[in-house]
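Notes follow the structure.
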Amino acid sequence: MEMKNWSDFDRYLILADNSHGKHKIKDTYESFLNYKIVIDVINRIAFTDKSTYSYNNNIYNKKITSEDAKKILGNVLNCKWTSTTAKLKIVGHQLGLII
């Protein structure tokens with residue numbers, strides 16, 4: 001099957017398989033659900049110049065740049081794991097979500 005036909009969960013599983021080291025992400029459905037939340041937040045970070053963002057009525061200081069957020073979004077779309085992609089765990093940790 002072509003990559004363009006993969007579901008979000010399929011892409012997540014490939015990304016989890018490609019992740020490595022201390023930044024490895026888990027390949028469970030629960031982690032996938034947390035990942036979806038983190039990706040939504042990263043999408044908001046990518047397209048704002050503000051130094052903060054909100055989630056669940058809490059305000060957080062951005063721990064990644066908008067440029068990094070855009071790179072993360074591109075990398076996860078292509079199931080590519082890099083040191084930049086690994087920064088999604090920083091956002092997840094900040095939100096208290098385990099990926």
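The values are calculated or read from the model by the stated rules, or taken from the named source; none is laboratory data. In this text, all values refer to a predicted model and were calculated from it rather than measured experimentally. A quick note on method: Cβ atoms are made from the backbone with ideal geometry, for glycine too, and the neighbour counts reach across all protein chains shown. Just the protein is used for accessible areas: all its heavy atoms, side chains included, with ligands, DNA and RNA removed. Shrake-Rupley method; radii C 1.70, N 1.55, O 1.52, S 1.80 Å.
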Query raised in the report: Regarding S51, is this residue open to solvent by less than 90 Å² (accessible area, probe 1.4 Å) and more than 20 Å from L97 (Cβ to Cβ)?
Result: yes
Requested in this report: Have a look at I42, I64, I72 and point out the one that is in a loop (DSSP other than H, G, I, E, B), surrounded by 14 or more Cβ atoms within 10 Å (Cβ to Cβ) and modelled with pLDDT of 95 or more.
Outcome: I64
Query - Residue count, the range 75-94 (criterion: part of a helix (DSSP H, G or I) and touching a helix residue (DSSP H, G or I) at 6+ places or on another chain (Cβ under 8 Å)) - result: 10
